[in-house]
Number of protein chains: 2
Amino acid sequence: MKLKDKQTEDKIFEAATEVFLEKGMDGARMQEIADKAGINKALLHYYYRTKDRLFDAVFALIANQMFKKLTPVFDEKLTLEEKIRLFFKEHIAFLKKNPRLPIFILNEINRNPERIKRIINSLNVKNMWLIVEKQHKDELEKYNITQENIPQLITSIAALSIFPFVAKPIISAILGEIGADYNDYINQRGDFAADFTIRAIRK
Amino acid sequence: MKLKDKQTEDKIFEAATEVFLEKGMDGARMQEIADKAGINKALLHYYYRTKDRLFDAVFALIANQMFKKLTPVFDEKLTLEEKIRLFFKEHIAFLKKNPRLPIFILNEINRNPERIKRIINSLNVKNMWLIVEKQHKDELEKYNITQENIPQLITSIAALSIFPFVAKPIISAILGEIGADYNDYINQRGDFAADFTIRAIRK
DNA sequence: GTCTATAGAAGGATAGAC
DNA sequence: GTCTATCCTTCTATAGAC
């Protein structure tokens, strides 16, 4: 593959990422992607054959990014509390830069659940899970958490981090009504969520 | 308006609600709505003129239902803790019956934020807010909550309740990997989230 | 009010020249 | 590899008969 090929393919991929993130699979138009990439529709099909394949490629990368972004936290040698603080800090910083990612992923996996199953299989999530479980097995006694409600805890942490971004239009509108500001709200979110979670699990 | 008119209009509205909930605005097809209502496409336009107006009607009702479902909690004469427990119980029961509502609303408001602004204006959210604030003003001293981070608390409660439903395909897939079951997880959700929240705000 | 038929436009995809 | 031209299907929306 020549250099120029890669450039065009990348331009298409980037343009497609932008358009799919903004409009979703159903709302996205091949014409708009072509325009944004500075090429014509035929070339999209030359590289990716169909809209569906192009979408698959974009979605797989984005979903992987989302998960990969979290794995460094698992590897750190930190206490559970430190890990929780680090997670909220890093994750919210990431979402501030990519605010449309979560609603995009959540919407598309609800429209087509098969997509996320493939990715979770390829990531070997079970292994990640076992590692985390093992890392903090001893520590759990110190907290008000049992082995079996770890999923409740993990999803709660994810919820506290992600929800402010997926519900931005509602939160923003309500805050506006009471004279508050969404950006201030988001800037305080990491600390609040970390304190909230740690208080919740302490004995 | 005759009885038969109302029947047809209702049939259309119900069919449209089903299809829009399942496919979203962009993915929905007028033909599918007509088929589900047992009539033809022309009649859809006779009653609602355009797809956009039909969607607006459906969306407005659903979004109002979602908010209205919450207001009874505000009126109850309960302590903050009791109210939190009641909220999770009722809200999660509601979402179990209507699991597609939250992802639908969240997706559509992100694609078109103006829609939710209109509804929040019409509901007089500011007034609801002031009432809740007033109701528990004295109680706040007993908790680790200040006047100014009430929005953080409210959105956290909403997050803990809603996220398990919008992320169902991910949660379900991961739970499957570790030999757990999504329905069990959801059945335990209300109690876990209530305990979690109350522990988090206690001094 | 309800139907059939169809207009009119847009979208995904391909053929074929260069 | 890239373009123009175009096919074919699908979709929203309307016209007009009953």
Task: A:I92, sole failed condition from (1) outside the structural domain of A:F13 (by TED's automatic domain parsing); (2) of a type in the set (V, I, T); (3) surrounded by fewer than 16 Cβ atoms within 10 Å (Cβ to Cβ) - done: (3)
- [ ] Quick one: which helices (runs of 4 or more DSSP H) lie wholly within region A:1-96 and hold at least 2 residues that are modelled with pLDDT under 95, more than 14 Å from chain B (Cβ to nearest Cβ) and more than 16 Å from DNA strand D (Cβ to nearest atom)?
- [x] A:51-68, A:71-75
Open item on the list: When you scan region B:30-48, do you find a residue that is among the charged types (D, E, K, R) and either on the phi > 0 side of the Ramachandran plot or touching a Gly at 6+ places or on another chain (Cβ under 9 Å) (or both), even just one?
Closed with: no
Open item on the list: Every residue in region A:123-138 that is β-branched (V, I, T) and more than 14 Å from A:P72 (Cβ to Cβ), please.
Closed with: A:V125
TODO: Answer yes or no as to whether A:K83 is in contact with a Phe, Trp or Tyr (Cβ under 9 Å, 6 or more places away or on another chain) and under 28 Å from A:H136 (Cα atoms).
DONE: yes
Open item on the list: Six or more apart or on different chains, Cβ atoms under 6 Å: show the pairs whose first residue is in region B:42-65 and in contact (Cβ under 8 Å) with a residue 40 or more places away in the chain and among the hydrophobic types (A, V, I, L, M, F, W, C) and whose second is part of a helix (DSSP H, G or I) and within 14 Å of DNA strand C (Cβ to nearest atom).
Closed with: B:L54/B:Y48
Task: Any hit, region B:144-153, residues being surrounded by fewer than 22 Cβ atoms within 10 Å (Cβ to Cβ), touching a strand residue (DSSP E or B) at 6+ places or on another chain (Cβ under 7 Å) and over 20 Å from A:I116 (Cβ atoms) - done: yes
Task: Residue identified as away from DNA strand C (no atom under 16 Å from the Cβ) and without any contact (Cβ under 8 Å) to a residue 24 or more places away in the chain among B:K36, B:K77 - done: B:K77
Task: Unmet requirement for A:W129, which otherwise passes all of (1) facing chain B (nearest Cβ under 9 Å); (2) within 30 Å of B:E108 (Cβ to Cβ) - done: (2)
Open item on the list: Whether any residue in region B:59-70 is under 19 Å from A:D26 (Cβ atoms) and within 15 Å of DNA strand C (Cβ to nearest atom) is what I want to check.
Closed with: no
Task: Long-range neighbours under 6 Å by Cβ, at least six apart or interchain, first residue more than 7 Å from every other protein chain (Cβ to nearest Cβ) and touching a residue at least 12 places away in the same chain (Cβ under 8 Å) within region B:175-203, second hydroxyl-bearing (S, T, Y) and in a helix (DSSP H, G or I) - done: B:Y182/B:S172
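The values are calculated or read from the model by the stated rules, or taken from the named source; none is laboratory data. The shown structure was predicted, so the numbers you read here are calculated from the model rather than taken from an experiment. Please note: Cβ atoms are built from the backbone with ideal geometry, for glycine as well, and neighbour counts cover all protein chains shown.
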